[in-house]
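The values are calculated or read from the model by the stated rules, or taken from the named source; none is laboratory data. Keep in mind the model is a prediction, meaning the values are calculated, not measured. Methodologically, a virtual Cβ is constructed for each residue, glycine included, from the backbone with ideal geometry; neighbour enumeration extends over all protein chains shown. With ligands, DNA and RNA removed, areas are computed over all heavy atoms of the protein, side chains included. Shrake-Rupley method; radii C 1.70, N 1.55, O 1.52, S 1.80 Å.
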Amino acid sequence: MLQTEYVRNLNSNYARILLDEKPEEHRYQYCILSRGGIKGLLSCDLRYINGQAYLYYDISSRQNVAQLFGRRSIGRDWIKDFLWSVRRLRQELERFLLEDCNILWNPEMIYQDLESNVFSFLYVPYYEGESGFRELMDFWVEHIDYEDEGLVDCVYRMYERLEKNGDAYLKEQIFEDAKVLEQEQTQPRETPAAPVVLQGEQQTELERPTQEEKRGIRHIFDARRKKSASARENYRQEMQRAMAGYAAAEETVYTAEGEETYGRTVYMEEKPEKADQIRRLFTPEDKLVAAIEKPAFFLGKKKGEVDAVLEDLSVSRIHARITREGEDYYLEDLNSTNGTFKNGLRLQPYEKRRLDTGDEIRCGRTMLIFR
């Protein structure tokens, strides 16, 4: 299994992969990859540190798919754009005589530029391990927009065919199956025109999920919805406990017939209200910036994608996030261009550090105080 970590060097952020053994640098794939200029692939350098070989991929100004959709749904337009990019990448690889089986498809290894929406992929020369496309499909199943029934049916059909046919399914059939997504989302489910798939000299309609398969889809949908509702209810109860004490109560004691008794009053000392559990971010001038009221709180300058919008050109679109784990809070850099700092110390890309009251957080040039 590949060991991947994130580092910063000079003015760039990198994902680096530790190779199991010293590579043969003169072989074709290493030579062509070091030249760069292959559309769709992240630029890559082979470096040696303490006798170990690493592949360095420049991920500056990009976010991986796992981070982008950690808290929102994947829609059909994104799936279409992604598959179009994959098809174009395959054509580019064929042009340079490179093997597409060496692409890493894990959600953490696929990057997108938030300004241009261009996708970038990691290519590992002569890689013989798992491609990770099944992990990507698992991620889609968990995060697709379940309000779009056509998208759900399409993704599950892809998932089943991948399980049946393996990576050979990724050659052409997946792109044919995706044509169903060209239909309008608002089109009635009973009357869509079935797309046509070419198989040799015959034309057959794209198979639809059976009723049994649809029931399985709905079951997973219901489980996902219940999971979300359960999380909301747990959060609501936690907030109620944090903001209110407990009142006195009476306990009724039942005895044998004829025995005179009364309800026994049990005194429960009313607990004082707990201290405010909500943490906040302030400017150095003590001006409130935001209250951290979510388990995952995002900082950046892209409105609609972050919880606290920082109007600063040195801040990345999705710059950093603060997560709550139990009673502790952690600061994490999200591959920002100008870095995330805690008390003056810079975090590596995707590194997490625990926050304490009074800690200074700096995103680019913007300073915040955590309380």
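Multiplying the residue separation of Glu360 and Arg35 by 0.36 nm and removing their Cα-Cα distance gives an extension gain of 112.8 nm.
Is the C-alpha gyration tensor of segment 85-150 telling us rounded, prolate or oblate? Criteria: a/c under 1.5 is rounded; beyond that, a/b larger than b/c is prolate, otherwise oblate.
Values: a/c = 2.09, a/b = 1.52, b/c = 1.37.
Since a/c reaches 1.5 and a/b is larger than b/c, the shape of segment 85-150 is classed as prolate.
Judged by the mean number of other Cβ atoms found within 10 Å, the most tightly packed of the peptides 305-314, 162-171 leads the ranking 305-314, 162-171. Between Glu149 and Ser314, the simple label model (points 7 Å from Cα in the Cβ direction) yields a spacing of 5.3 nm.
Between Asn11 and Asp328, the FRET efficiency from the beta-carbon distance, with R0 = 22 Å, is close to 0.10. With a 1.4 Å probe and all protein chains left in place, how much accessible area per residue does segment 35-82 have, in Å²? In whole numbers, segment 35-82 has 46 Å² accessible per residue.
Of Met109, Met137, the residue with the largest accessible area leads and the full order is Met109, Met137 (1.4 Å probe).
Longer than 31 Å from Cα to Cα, which of Lys164/Lys302; Lys80/Lys302; Lys22/Lys301; Lys287/Lys342; Lys294/Lys342 are they? Say none if no pair is. Numbers along the way, then the final one.
Details: Lys164/Lys302 41 Å; Lys80/Lys302 23 Å; Lys22/Lys301 42 Å; Lys287/Lys342 19 Å; Lys294/Lys342 20 Å.
Flagged as over cut-off: Lys164/Lys302; Lys22/Lys301.
Share of carbon and sulfur in the accessible area of segment 4-126 stands at 44%, probe radius 1.4 Å.
Between Asp81 and Arg371, the distance separating the two model label sites (each 7 Å from Cα on the Cα→Cβ line) works out to 4.0 nm. Each Lys and Arg adds +1 at its Cβ and each Asp and Glu adds -1 at its Cβ; summed about the Cα centre, segment 85-135 shows a dipole of about 220 debye.
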